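Asks: Below: one structure in structure tokens.
The values are calculated or read from the model by the stated rules, or taken from the named source; none is laboratory data. Bear in mind the structure is a predicted one, so any value in this text is a computation, not a measurement. We place every Cβ from the backbone using ideal geometry, glycine too, and count neighbours over all the protein chains shown. Only protein heavy atoms, including side chains, enter the accessible area calculation; ligands, DNA and RNA are left aside. Shrake-Rupley method; radii C 1.70, N 1.55, O 1.52, S 1.80 Å.
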Amino acid sequence: MKRTQVTWTAPARATRVLEVRAAGKEAGVGVYGTKAGMTQVFTRKGNAMPVTVISLGEGNYVTQVKTMDTDGYNAVQVGYGPAKEKHLTKPELGHLEKAGVQPLRNLAEFKLDSVDDYQVGQKLNLSEIFKSGDLVDVSGTSIGKGFQGGIKRHNFKRGLMTHGSKSHREHGSTGASATPARVYPGTKLPGQMGNETVKVRKLKIVQVDDEKGCLVVKGSVPGKPGNLLRIAPAKIVGKNV
């Protein structure tokens, strides 16, 4: 009996094309800053207004300009926060050295319609980007509150605190027993609270101080003093986006 030799050829693998997806377009170039703290200012009518002071330190620098010809979209990369060379990788140091700026710790990219007004190595002027009365979106890491129960984390209502109550601060039932016999994903339960990226939208700028390098906005921003913040012009549908 002759043996038939069977050859097997692996099917051709589909070629994956690397697709670069940029973040959504911004209303304008933004900056990095550090939360200095909160205070209050008085209006002309004598009303006290709570404000947050955001320090910009030594300023923000343009570390890269991306165009449609080279990258497929227009964007400006901004660097902030001086850092020691030993805290950065060699590729990062080479990238910043090519831009002609000092070693910087934080880099952010802002996708724009046009980047004609920006040059690599340029220091951003705060008063040219923001003016008093403008609205900004401020994002940062919120204060971590550790593991919390349902009442504090999700504003649940507690049970009676009397002697006969069997449910004081418990969250109660989380699902049926027979059907579906499981807890649905996304159910509000106790767990880690805070320590996540939060964006506060449409905060009003009260004051811009170029000499001191600070920005004063109305209201509160995420995190505690010393927290890193990303400030960008607010997106308003029908106006600038």
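Asks: Using Cα pairs closer than 8 Å and at least 6 residues apart in sequence, work out the relative contact order for segment 127-174, in percent. Please list the in-between numbers first.
Replies: Working: 21 pairs, mean separation 11.1, N = 48.
So the answer I get is 23 percent.
Asks: Which pairs break 31 Å Cα to Cα here: LYS86/LYS212; LYS66/LYS145; LYS35/LYS84? Display every interim value, and only then the final one.
Replies: Numbers: LYS86/LYS212 29 Å; LYS66/LYS145 39 Å; LYS35/LYS84 21 Å.
From the list (LYS86/LYS212; LYS66/LYS145; LYS35/LYS84), the Cα-Cα distance tops 31 Å for LYS66/LYS145.
Asks: Here are a few candidate values for Rg and Dmax of the Cα atoms in Å: [x] 18.5, 58; [y] 26.0, 106; [z] 22.6, 73. Which one was actually calculated from the structure I just gave you?
Replies: Label of the calculated value: [y].
Asks: Counting Lys and Arg as +1 and Asp and Glu as -1, what is the net charge of the other residues whose Cβ lies under 13 Å from the Cβ of ALA36?
Replies: Values: positive: LYS35, LYS212, LYS224; negative: ASP209.
Residues near ALA36 contribute +2 overall.
Asks: Something else about it: Suppose all protein chains stay in the model; what accessible area per residue would a 1.4 Å probe give for segment 75-126, in Å²?
Replies: Result: 60 Å² of accessible area for each residue.
Asks: Okay, next question. Helix-derived [θ] at 222 nm for the chain: sum -39500 (n - 2.57) over DSSP H runs of at least 4, divide by residue count, nearest 500? Write out the running numbers ahead of the final one.
Replies: Working: 4 runs with 23 residues, N = 241.
Only helices count here, giving -2000 deg cm²/dmol.
Asks: Continuing with the same structure: Just how far, in whole angstrom, is segment 74-111 from segment 205-241 if you go by their alpha carbon centroids?
Replies: Their Cα centres are 22 Å away from one another.
Asks: Within the accessible area of the chain, what % is carbon and sulfur when the probe is 1.4 Å and the other protein chains stay in place? Each step should come with its number before you reach the end.
Replies: On the way: 8460 of 16710 Å².
Carbon and sulfur: 51 percent of the exposed surface of the chain.
Asks: Work out the FRET efficiency for LYS123 and GLN207 from their Cβ-Cβ distance, taking R0 = 22 Å, and round it to the nearest 0.05.
Replies: On the way: r = 21 Å, r/R0 = 0.94.
So, using R0 = 22 Å, E works out to roughly 0.60.
Asks: Positive end of the dipole of the chain, charges at C-beta (+1 Lys, Arg; -1 Asp, Glu), about the Cα centre: which of VAL31, PRO180, PRO222 has its Cα farthest in that direction?
Replies: The residue sitting most towards the positive pole is PRO180.
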